[in-house]
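A quick write-up on the structure given underneath.
Read-outs throughout are calculated quantities, based only on the coordinates presented, and are distinct from any laboratory measurement. Since the structure is predicted, the reported quantities are computational estimates derived from the model, not experimental observations. As a convention, Cβ positions derive from the backbone with ideal geometry for all residues, glycine included, and neighbour counts pool all protein chains shown.
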Amino acid sequence: MNRFTYLIAMLAVLYGVANGLMGAGDGIRRPEIAQPLHRTPSRQPSQTAPRGPTISIDVGAKGSSTGTAFAITEDGWWLTARHVAHGCDAIWLQTAPRKGWRVQEVHLHPNADLALLRTRSGRSPLRLATAMPGRGQNGFSLGYPQGRPGDVHARVLGQARLKSVGRYRINEPILAWAEVTRRPADLPALGGLSGGPMLDDQGRVVGVLVASSKRRGRVMTTAPSSIRELLAQFPEAQVRPGAPSRPIDDRSFTARGKTLRGELTIAKVICRVKRARRRP
């Protein structure tokens with residue numbers, strides 16, 4: 001992709017995002033600021049400031065919702081999006097119909113749409129990538145869009161920043177992706193896939209899905225640097241050496257999603273809010 005084509009593509013991303021992100025057009029509400037069940041790490045500026053446009057969103061009301069989380073240790077540590085877990089009166093990871101693990105702890109990144117969850121039980125973890133994916137690289141996001149199993153194949157468009165205002169304020173590096181395929185093909189929107197992992201072609205986590213444009217075709221993920229910043233403050237949540245990873249491609253990603261959901265490495269998050277919180 002030459003520079004001119006890249007600039008046109010990123011302008012298209014901005015237009016789509018300006019007209020609604022996941023949480024606005026796709027049915028998952030963006031969160032308000034609220035106290036976590038335990039502590040929030042101290043605010044630190046991001047160590048990585050990607051090139052590219054700044055995308056601004058207005059955080060709306062918080063109500064009961066669903067999202068996606070994935071295991072990063074075998075003893076009950078999970079990653080998800082901040083707006084999935086933030087402001088909930090109670091959170092569960094669903095293990096079966098009407099059954100789930102109650103989340104005991106929530107730890108929020110101070111300047112990114114990321115959260116750490118802790119449960120008493122765990123599952124086999126995903127491995128985290130150490131490098132930023134390059135433009136054009138394939139990615140596969142697996143989880144629970146619209147509250148049901150679903151997966152997305154996308155390719156990196158480029159780096160950008162996501163600025164949230166309103167109920168809380170964060171300014172973080174992100175990656176913008178162009179959607180290639182979604183499964184099932186008739187999936188109307190991606191709300192609920194928030195918090196799901198974006199895997200590279202080796203099956204390693206390169207980001208957490210946090211937003212999509214209202215117009216079908218663009219998704220946004222956190223930068224790997226933001227994940228490292230959050231985990232650095234919680235040694236007990238560090239990914240153990242040797243966490244498994246397996247290659248994944250456009251022919252195998254739906255089967256991989258089914259397997260990881262079946263093993264509960266990827267789980268549905270259920271957030272309960274007693275009363276929807278609105279702007280003051």
If R0 is 30 Å, what FRET efficiency do you get for Arg148 and Asp249 from their C-beta distance, rounded to 0.05?
-> 0.80
Which of Ala112, Pro133, Gly122 sits closest to the plus end of the dipole of segment 54-155, meaning its Cα is farthest towards the positive end, when Lys and Arg get +1 and Asp and Glu get -1 on the C-beta?
-> Gly122
Straight-line reach from Lys99: which lysines have a Cα under 22 Å away, not including same-chain ones fewer than 8 places off?
-> Lys258, Lys268, Lys274
Once label points are set 7 Å from the Cα along Cα→Cβ at both Lys258 and Arg155, what is their separation, rounded to one decimal in nm?
-> 2.7
So the FRET efficiency between Val180 and Arg275, C-beta based with R0 = 35 Å and rounded to 0.05, is 0.30
Quick P(r) readout (segment 125-280; Cα-Cα; 5 Å bins; whole %) gives 2, 9, 18, 22, 21, 16, 9, 4, 1, 0
For Val103, list long-range residues whose amide hydrogen, built 1.01 Å from N in the peptide plane, is under 5 Å from its own amide hydrogen.
-> Ile91, Trp92, Leu93
Pop a pseudo-label 7 angstrom from the Cα along the beta-carbon direction at both Ala61 and Ala232 and give the gap in nm to one decimal.
-> 3.9
Relative to the Cα centre, what is the charge dipole magnitude of segment 161-251, using +1 at the beta carbon of each Lys and Arg, -1 at the beta carbon of each Asp and Glu, and rounding to the nearest 20 debye?
-> 380
